[in-house]
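Working notes, beginning with the structure itself.
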Amino acid sequence: MNLQVKDGWIEVIAGSMYAGKTEELLRRVRRIQFAKKKVLIFKPKIDNRYSSNEVVSHDNGRIESIDIETTEEIYTHCAPELPYAIAIDEVQFLGPEVIDVCENLADKGVRVIVAGLDKNFRGEPFGIMPELLARAEFVTKLDAICQVCGAPATRTQRLINGEPAHYNDPIIKVGAKEQYEARCRHCHVVLEKPNGKK
Ligand code: TMP
Ligand code: MG
Ligand code: ZN
């Protein structure tokens, strides 16, 4: 019997905007760096809100990152030698290929840490997040504070000129404080779906 403990698993950090997902990702990355282990940090190129080639949290924590256009690029950076860990911020923007990349790297002994929005502005699961949440060994769900009532916020309100966005608005819209608020279930508003369902 082999009792040796092996590295390699998937950690997901999920939640609404302003819940501290990127802060938590950066905290884990810094601990790995303190331990002098190699960690590669990726983020999809689409998210250029604060900076390119850096992961930046809303309260301005930052760390150097590799901006990727395709998930394949993660493999390129993991050769010839696998890192101890990889971290991906804003993972909700990546396509389904990222699932296999995370699984393969974790199988090979890499600690995979990903952070992303669990729900889009409609309050529905965001892209590949449900699948990643199900496959992960470790899940951390963070909440923010509802900007209307002060309760724990688990959703993200999109505002267009100060008004709630319509259900049919595009899912992807990069932005921060000017367009998005953290809200609880009860204060979250989506203008109606065409079939009348909320
Ligand atoms: P954050 O989780 O680091 O705060 O960033 C979330 C990003 O996702 C931000 O650029 C806004 C964007 N976003 C969408 O594209 N669609 C959505 O439905 C929501 C809620 C956010
Ligand atoms: Mg973030
Ligand atoms: Zn509220």
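The values are calculated or read from the model by the stated rules, or taken from the named source; none is laboratory data. Owing to the predicted nature of the structure, the values given are computational and were not obtained by experimental measurement. Glycine also receives a Cβ, built like all others from the backbone with ideal geometry; neighbour counts cover every protein chain displayed.
Considering Leu133, Leu82, Leu117, which residue is modelled with pLDDT of 95 or more and buried (at least 20 other Cβ atoms within 10 Å of the Cβ)? Give the steps one after another, and end with the answer.
Values: Leu133 fails: buried (at least 20 other Cβ atoms within 10 Å of the Cβ); Leu82 fails: buried (at least 20 other Cβ atoms within 10 Å of the Cβ).
Being modelled with pLDDT of 95 or more and buried (at least 20 other Cβ atoms within 10 Å of the Cβ) holds for just one of Leu133, Leu82, Leu117, which is Leu117.
Each row is one residue, and each column tells you yes or no for (1) at pLDDT below 95; (2) among the basic types (Lys, Arg); (3) under 21 Å from Ala176 (Cα atoms); (4) surrounded by 21 or more Cβ atoms within 10 Å (Cβ to Cβ).
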site: Trp9; (1), (2), (3), (4): no, no, no, no
site: Ala14; (1), (2), (3), (4): no, no, yes, yes
site: Thr22; (1), (2), (3), (4): no, no, yes, yes
site: Phe34; (1), (2), (3), (4): no, no, no, no
site: Lys38; (1), (2), (3), (4): no, yes, no, no
site: Asn48; (1), (2), (3), (4): yes, no, yes, no
site: Ser57; (1), (2), (3), (4): yes, no, yes, no
site: Asn60; (1), (2), (3), (4): yes, no, yes, no
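Which of the residues that make up region 115-129 are more than 12 Å from the chain's Cα centre (by Cα) and of a type outside the set (Lys, Arg)?
Matches in region 115-129: Phe121, Gly123, Glu124, Pro125.
For region 114-128, enumerate the residues that are touching a residue at least 60 places away in the same chain (Cβ under 8 Å) and farther than 23 Å from Cys187 by Cα.
If the condition is that a residue be touching a residue at least 60 places away in the same chain (Cβ under 8 Å) and farther than 23 Å from Cys187 by Cα, then Val114, Ala115 are the ones that fit.
Which ones in region 166-187 are outside any strand (DSSP E or B), hydrophobic (A, V, I, L, M, F, W, C) and either at pLDDT below 95 or closer than 20 Å to His58 by Cβ (or both)?
Ile172, Val174, Ala176, Cys184, Cys187
Got at least one residue in region 162-175 being aromatic (Phe, Trp, Tyr) and within 16 Å of ligand 2 (Cβ to nearest atom)?
Within region 162-175, none of the residues are aromatic (Phe, Trp, Tyr) and within 16 Å of ligand 2 (Cβ to nearest atom).
Which condition number in (1) in contact with a strand residue (DSSP E or B) (Cβ under 9 Å, 6 or more places away or on another chain); (2) surrounded by fewer than 15 Cβ atoms within 10 Å (Cβ to Cβ); (3) at negative phi is the one that Glu72 fails?
Glu72 satisfies every listed condition except (1).
When you check Ala176 against the structure, is it within 13 Å of ligand 1 (Cβ to nearest atom), aliphatic (A, V, I, L, M) and touching a strand residue (DSSP E or B) at 6+ places or on another chain (Cβ under 7 Å), yes or no?
Details: within 13 Å of ligand 1 (Cβ to nearest atom): yes; aliphatic (A, V, I, L, M): yes; touching a strand residue (DSSP E or B) at 6+ places or on another chain (Cβ under 7 Å): no.
Here the answer is no, as Ala176 does not meet what is asked.
If we scan region 14-22, do we find a residue that is within 20 Å of Ile128 (Cβ to Cβ), in contact (Cβ under 8 Å) with a residue 60 or more places away in the chain and charged (D, E, K, R)? Can you show your working first?
Of the residues in region 14-22, the ones within 20 Å of Ile128 (Cβ to Cβ) are 14-17, 19, 21-22.
Those still in the list that are in contact (Cβ under 8 Å) with a residue 60 or more places away in the chain too: 14-17, 19, 21-22.
If we keep only those that are charged (D, E, K, R) as well, we get 21.
Yes; the residues of region 14-22 include at least one that is within 20 Å of Ile128 (Cβ to Cβ), in contact (Cβ under 8 Å) with a residue 60 or more places away in the chain and charged (D, E, K, R).
With the requirement that a residue be more than 10 Å from ligand 1 (Cβ to nearest atom), touching a helix residue (DSSP H, G or I) at 6+ places or on another chain (Cβ under 6 Å), of a type in the set (Gly, Ala, Ser) and within 23 Å of Lys173 (Cβ to Cβ), what does region 5-55 give you?
Result: no residue meets the conditions.
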